Every structure is written in C-alpha cells, then in structure tokens.
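The numbers here are math on the coordinates, done by the rules we state, and not lab data. Just so we're clear, the structure is a prediction, and the values are computed from it rather than from any experiment. Methodologically, a virtual Cβ is constructed for each residue, glycine included, from the backbone with ideal geometry; neighbour enumeration extends over all protein chains shown.
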Amino acid sequence: MKKQIILASFIVVLLINQVHAQNTTFSKIISTPLDESIKDVVEDNLGNFYFVGYNANSGQFKYKTNGFVITSNNMGNVLDSITHYNSNESLEYYNIFFDDLGNIDVTGYSSTDFNRPHLSSKIELTKLSRELETIYSNNITLPATYGFQHLKTRRGFNDDFIFVSYVMFASEFYMNTLLLRVNNEFDSIKLVINLDLFYYGEDIKQLDTNKYWFTTANDRILLLDSMFQPTGQYGRVSHELNASYGIKWDSDTSFYLVGSDWYLGPDDVGFVKHYYPLDSTNSLFNYITTPDTNNYPAEYGGLDFNNKDSIFMGGTKHYTGFPFMEFPSWFFILQTDSLLNIRWERFYGGDAYYVMTKLKATQDGGCIAIGDRYDYKNTDKEERDIFILKLNSEGLLTSIPGKPKIQMHEAIVFPNPGTEFLRVRIAAQYPQSTFELFDMNGNLVLKENIEGKWKQISTSFLPQGTYVYKIHNRQGLFESGKWVKQ
C-alpha cells in the first residue's frame, strides 16, 4: 500500500478557535479539490483529536476512494495527516481506536472492483504510530461474489475486533448480514455471512465468551451464540426505533440508544434506555417531534457520554439520505440528563448542505461532532468538505471578536427562499415564542405566537421580496435574519 502525505495539500480554514473556562471550542472546515467524507474521531489524553475517512476525485466517491487519517490539537489546529492510496484498490476508513500501547488502529474496507456494490472486497486493519507511521497491516478477504456495504467496528473481549456490516450478492439486491471477529493481530477467528436474516446488521456487543447482542437496522435485537448463530432469543428496540443507531452501554446489561422514530413518524428522532439487552419493558423513552423536515441521527454514532447525567445526541436536520443536495441543512445537537429529559437543543449551519456522521463526548465535558459539508452555492461539482465542530458543555461556540461564519442557532426559518409558507423550528428548551416578520421599511407584516417546537406559517398574502424576521421570548431566545419570498 502506497502512502502519500497530504497535509500540504489541505487548505485548512479555521473558523473559530477559542478557549472558554475549561472548554475549548472551535469549528473548522477542511477543504481541498478532492471530495472528502469524514467518519470517526477519537481523543487522546492530551485532548488531541484523530479523524478518519476517505476522499476521492470530484464525482468519484462511489468508485475510487482513498483512506485518510488527520490529527489536530485541542484548539483545532491540524498537526499531521496521511492518505493511504493504491491505484489498484478503492479504500475507505470508518473506525479508529487506541490500543493498549497508545498506538492507533484504523479499520475499513478495500476493493479492486471500483463499481458498487464493490465485489472482491477485503476488510482492512492498519496499526499506526502517533506519528502516523504504519506499524502493521492485515486484511480479511471476503468471498469474491459478495459486494461490501456499510461497516461498524466494535471491540470485544481480549481486545478482539468485531465487525458488523452487510453484503449484497452479485446477482441479488437484498442485503445479507456479515459478522466477523478477529484478534488484535487481525487474524480471523470467525466470519459469518448469514443469508437467512434478510436484513442488515447495525450494531453488536459481546456479552460474555459465548454470547453476542446484535441489533438490525429495522429494530430487531437477537442473541447470538459464539458462532454468530441466532439462539432463538430475541427482542425489539423500544418504540420501533430504527437505523441509524447511536448506542452507548452504561453497564454490562443496559444501554442508551438514539434512532429514527418511525412509530411516531418518519421525521422524528427518539431516544431510549434499555435496562436489559433484549427486554424493552419499562424502558425510558423520549423523542423530538419535528414533522417540519427529515431528521436523522448521525449515521455512525449519534449518542455519547462520559457522564450519564450529561448525554449528547446529534444528527442532521433536513436530511434526505443523499450526500449532494442543493438546499440548506443543519447539525442538530441536544443534551439530556440520565432520565432523558432535554436540557438544551441547538442548530449549527444552514449556509450549506451538512451531514453529521459522528458525535463523541470529550474529556472536558463538551462534545465534538464531525461530518460533511457540500457548499452547493459555490460549486457545481460533487465535492464535499470536512466539517468539525467542537462545543462546550452547553453546546456553545465561545464568542470571538467579529462575526463567525458558522452560526449557532436556537431557532431556524425555512424554506428560504420560500413561497406560500415558511416553517419555524424552535429549540426544545423553549415551550413558547413569538415570530415577527417585517418588510424592508420596518413595517410589521406578520406576527405569530408559537406553542412548542415548530409552526408552519402562511405567507401566501405577501408580495415577493425580502423580509426581516425576529424570533424571541422572555426566556432569552432571540434570533433574527432575512427571509426571501419568491
């Protein structure tokens, strides 16, 4: 595998880089002529961050990709980066870990077939030093007739790696679950492709030496034996929450989960606590009812905490499932206590199409969210940039002189431009608010009281033009901006 140092080619745009009390916050865009997608992040004991993902030439992300690793300090300054490139293979990195010696383990997959579903695939592991020098690499070759899709890696007992994914048979279109366990040297212990489940795996946890907890993308939970075969014991995720899941276990038997809430509606995000691996009886449950846009948890993990009384959850607001859309979207991030009561919710972005891929709690009490940013207003190419957002414990970017390009919002207005109506979305901590719309002469043309998190407001009677809106209440909410009627 050929390595190519790419730090010099990165055009790093530091948007915010500031210290507030014990929390360091920043937002950053990393932009190059390549199309980049970032998938995972870990933090070391010094507060430095390590990121992985893949890049490709513009418009080629479905075909020929290259895996990358980027490091930054706790102020968001890029320290080093590397791309692993092979002209004969497409390579994508999805997960990153530290081993017991402080080295870095990166997992992903490669394929010599540049066309999806990527037949002739291999699951890859590369062990790197902190200086991003390769120490060791190995791979597990899959049957050549199976195309590889999606990948999540978990750690099992004895520092084993456990992979959950799905494959597509060359002549079929349905998804088959793939489960793989390897040791720390990446020697295969057990590989299973289950053709009888007919749905793909979403996450896995080793419960003991003979049992695995396994959940699918469509809310099934199964207990598997040491050979990855179903034992006949099964359950369901509470309230039919489904992929994409963010899961964090707080004990050997209980876990928190965030997912898409199809029980209440396809636009909702729900979160639960299960006290037992298979039993959802008496589970905790809360949700955000948001029928205004599609909302989706971060695809590779949208829930994390270091303290159960400070749980962070996040995802994408106005998400379609596609990476290149020509309308604005936002990162949404909220914090709950251990009983899933929402403390605050905030929105970030709105100036481009954002997709959150991962959210992690940080050791200073805040969180870091990563994802992709498609600046459709300024490019006609399929080319995404890396977006990184480090927040303090209150979900805030600490203030700096001047106006930052990336804004934090507690209320947003869309579609913008709009026509016959506009929608107002209010952060969950504000049960009541007021929306006002003014023409460019300062005349009040519309006023609405909003009860709850959102409201659709008719604008059919207004002439075309530019307006100024204000959203406020007595509890400290104040947002303003321009809205255009076409």
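Separation of the stretch 57-75 and the stretch 365-399 by C-alpha centroid, Å?
A separation of 15 Å, based on Cα centres.
Using the Karplus curve 6.51 cos²θ - 1.76 cosθ + 1.60 with θ = phi - 60°, work out ³J(HN,Hα) for each residue of the stretch 274-281 in order, rounded to whole Hz, and write x for Gly and Pro.
After applying 6.51 cos²θ - 1.76 cosθ + 1.60, I find 9, 8, 9, x, 10, 9, 9, 4 Hz.
Using a simple charge model, +1 on the beta-carbon of Lys and Arg, -1 on the beta-carbon of Asp and Glu, nothing else, what dipole does the chain show about its Cα centre, in debye to the nearest 20? Walk me through the numbers on the way to the answer.
Working: 43 positive and 56 negative charges, 174 e Å.
The calculation lands at about 840 debye.
For each of 444, 178, count neighbouring Cβ atoms within 10 Å of the residue's Cβ, then give the residues from fewest to most.
Fewest-to-most ranking of 444, 178: 444, 178.
Take the residue pairs 152/381; 39/360; 358/470; 273/317; 28/377; 205/308 and return only those whose Cα atoms are more than 21 Å apart.
152/381; 358/470; 273/317, as the Cα separations exceed 21 Å there.
Tell me which residues come under 5 Å, amide H to amide H, from residue 376 once H is placed; ignore anything under 5 positions away on its chain.
Here 353 satisfy the definition.
Between the stretch 407-452 and the stretch 118-182, what's the alpha-carbon centroid distance in Å?
If we compute the Cα centre of each part, the gap is 46 Å.
Based only on other Cβ atoms within 10 Å, what is the fewest-to-most ordering of 357, 141?
On the way: 357 25, 141 12.
By the 10 Å Cβ count, ascending: 141, 357.
Using the Karplus equation 6.51 cos²θ - 1.76 cosθ + 1.60 (θ = phi - 60°), what ³J(HN,Hα) coupling, rounded to whole Hz, does each residue of the stretch 343-348 give in order, writing x for Gly and Pro?
For the stretch 343-348, the Karplus-derived couplings read 8, 7, 9, 9, 10, 9 Hz, x marking Gly and Pro.
Calculate, in nm to one decimal, what residue 468 and residue 159 gain on full extension: separation in residues at 0.36 nm each, minus their alpha carbon distance.
Taking residue 468 through residue 159 to full extension adds about 105.6 nm, to one decimal.
From the square roots a ≥ b ≥ c of the eigenvalues of the alpha-carbon gyration tensor of the stretch 419-465, which class results: rounded (a/c under 1.5), prolate (a/b over b/c), or oblate?
Prolate.
Residue 269's amide H: which non-local residues (gap 5+, or another chain) put their own amide H closer than 5 Å, with H modeled 1.01 Å from N in plane and none for Pro or chain starts?
261, 288, 290
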